[in-house]
Structure formats: C-alpha cells, structure tokens
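Only one structure is covered here, and it is reproduced in the block below.
Only the coordinates and a few stated rules stand behind these numbers; no lab work does. Worth saying up front: this structure is predicted, and the values here are computed from it rather than measured. Neighbour counts run over all protein chains shown; Cβ positions are idealised from the backbone, glycine included.
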Amino acid sequence: MRTFINVEDIGDLNLALAEAQEIKNDRFKYQHLGKNKTLLMIFFNNSLRTRLSTQKAAMNLGMNVIVLDVNAGAWKLETERGVIMDGDKSEHLLEAIPVMASYCDIIGVRSFAGLTDREYDYAETVLNQFIRYSGKPVFAMETATVHPLQAFADLITINEEWRMKNEECGMMDEESTAAANSSSIIPHSSFKKRPKVVLTWAPHCRALPQAVPNSFAQWMNAADVDFVITHPEGYELDPKFAGGARVEYNQMKALENADFVYAKNWSCPGVTCPDDYGKILSKDMSWTIDSAHMAVTDKGKFMHCLPVRRGLIVTDDVIEGPDSLVIPEAANREISCSVVLKRMLESNL
Ligand code: CP
C-alpha cells in the first residue's frame, strides 16, 4: 500500500476487517515489521485521537515516531506556488517535504480544509504535494476532504456491534455461528438482516469540514450495510463520496428502525450552490440527537467520531447512555491505523 486516502486503497473490506480482528487479538504480533523504521506525523491542525492512536499503532509495530506540529515550533509553511513570500511564512512546503521525507519511511498528514476555496480543498492540494514530492508512502490523518482512518475504525466498530447484536438476538444462521465460533470475520450478508446505518447532519456553532461525513459515506457505500444519509436541504455531500446512497430529508423518517446513528455536523459542501461552500446554512436544533430521535430506531447505537459538542450534536443522556459507541470507536482508531501501517510496512519498505 503506497497511499491510504480512499476506501479503494484498503482493498477487500472483509479481509481488512479480518486483519483488524487479528491485530486486536494480538496488537504486538507484527512488532518486527517496524524495526528501524520511522513514522513522521505532520499536523497542520489540532488532534487528540489521531495523534495518540497513530503513535500507539506505530509503536505496536515497533516503529520510531517523529511528530511535527507545523503551527507550534516549526517554521510557518507556505503551501501555494507562485506567491511572493513576504509574509509570516518562512519556508515553502516544496522544500520542507523532501527534507522531512529524508528523515522517515512513512508519512501521515493532517491538513484540514480551509473552506474558502472549494477547488483547492477538493483537489487535496496539500496531501497531493506530500505524495508527489516525498517519495514515501503517505496516509491521510484527516485531510481536506477525507478521514479514512476514522471511517475504517467506524466500520470495525459497526461490524463488532452488529455481530454482538445478532448473537444476542439469535439472528445468525448456522454458517455464521460456525464462523463466529472460529473467530473469523462474518460478512453482514450472512446475518438474516443487514444493519441500517444512518448518517445524520446535526447543528454546530462553527463551520466544519466535510472530511468525516465524506469518508463515512464512501466506506458505508462500499460496506455490506443499508446506508441512508439525512440532512437539511443544501448540505448534499459530493457525489464522489455520497455515491448512490439514499438521501432522506426528513430526519425522523430516516432514523426509523436504524441500527446505527452516526451524527456529524458539516458545513455546506457547495454541490448544489458553489457560492455557499463552507457556509453554515442551518442551526436547526431540532436535528440534535436526543432520546426522542433514538426512540424511533431499532435499539440503535449512537456514533460520533469525537470531539463532540454536547447540546448541539447530541444530548448528555444519549452520549452517556448504554447505546453510545463513541469510546469503542475511538479505541478502534488504534486498530484501523495498525492495519494501514502494517500494510505499508509489508508492501513498500
Ligand atoms: N476523531 C478524530 O480524528 O479526533 P482528533 O481530531 O482528536 O484526532
């Protein structure tokens, strides 16, 4: 694996899930792979989970880790070509990238969307410069349009929970029960029902990027689930990510019988009206996920990538309740990243 950006980069999802389970059973099984190899993590933006889980995954694989916070202690980096650098940016990314690459074997990049120039953001300009000029395997740690480590962790979490729910309800056929007993991964198609997964927009006080919902949509479209997206009009995700997913503008209708409710805010993706790109079009608090929303689901599980603003996205009782998966999702970030780093170590170094 040379890059990890889109769901296609991971290949067969059932194999990836099986590999995740294998690593979860023994996190240090592949410690030999990273010996004398160095991961460089570059952050243009803040992080808690990505920073810690990626570092932990690399350490599990025996790697050394260097972390660079571009906005805290490094020279400020210019990312655009053709500019006269007479402002506060002392170094250009095009020199910085090969220099940084000379110190490492794999590079992780966090660089959020600016939300002012759709074309620049959706071209993944910064990420692609790392791919082009580093000569090293590069993975997205949330970039302008994608957050694949989060989406993979979310898929792992859904798979684990769905298997548990099916075991508890006796909804597994004989073949699935046998597979479960041998601890192998079970495709959702072998259960009597596919999980209904709903991605729902929820209100927020600030304009947020579309990276998380983009990747979640892309991964759910590729997974064996019944996937529905719900949001107010104007928040349509880019078709590159939303694909053929069903969009239901009535949130309560979308949530009916849902097994998983994935809440997230995002700003206007600018699909139907490019001038609105990055804007907040709605702050409708009736979209906040509370117990009334969860009541119409099929004992649905609540999901969010974190960090989350309580009272806007979700109420205290829902996120603290027994059906909240936010902590297992975050924990599975270590696992999703371990699979990605393992594959990069195996295939490129
Ligand atoms: N979910 C996620 O990526 O968290 P951080 O922004 O804290 O890394």
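Have a look at E167, E236, E142 and tell me which one the Gaussian network model of the chain (Cα, springs below 10 Å) gives the largest fluctuation.
Maximum among the listed residues: E167.
Can you pull the semi-axes for region 204-349, root of five times each eigenvalue of the Cα gyration tensor, sorted largest first, whole Å?
Whole-Å semi-axes of the equivalent ellipsoid: 25, 21, 15.
In the chain, what % of DSSP beta bridges are antiparallel (nearest 5)?
That works out to approximately 5 percent antiparallel.
How big is the Rg/Rh ratio for the chain, C-alpha atoms only, Rh by Kirkwood, two decimals?
For the chain, the value is 0.97.
Label C205 and S90 with points 7 Å out from Cα along Cα→Cβ: what is the distance between them in nm?
3.5 nm
Relative to the compact globular guide of 2.2 N^0.38 Å, what is the alpha carbon radius of gyration of region 78-180, as a ratio?
Its radius of gyration relative to the 2.2 N^0.38 Å reference: 1.65.
Can you tell me the length gained on complete extension of the stretch E233 to K193, counting 0.36 nm per residue apart and subtracting the Cα distance?
The span from E233 to K193 would gain 11.4 nm if fully extended.
Give the share of C-alpha pairs in each 5 angstrom bin for region 27-115, from 0 to the last occupied bin, in whole percents, shortest bins first.
Once binned at 5 Å, the Cα pair distances of region 27-115 give 3, 12, 21, 21, 18, 11, 7, 4, 2, 1, 0.
If you put +1 on each Lys and Arg Cβ and -1 on each Asp and Glu Cβ, how big is the dipole of region 4-114 around its Cα centre, in Debye rounded to 20?
520 debye
If you count, for each residue, the other Cβ atoms within 10 Å and average over each peptide, how do 37-43, 7-13, 50-56 line up from highest to lowest?
37-43, 50-56, 7-13
Hey, in the GNM for the chain with a 10 angstrom Cα cutoff, which one of R333, R132, R110 fluctuates hardest?
R132
For an R0 of 41 angstrom, estimate the FRET efficiency from the Cβ-Cβ distance between A72 and A295 and round to the nearest 0.05.
0.40
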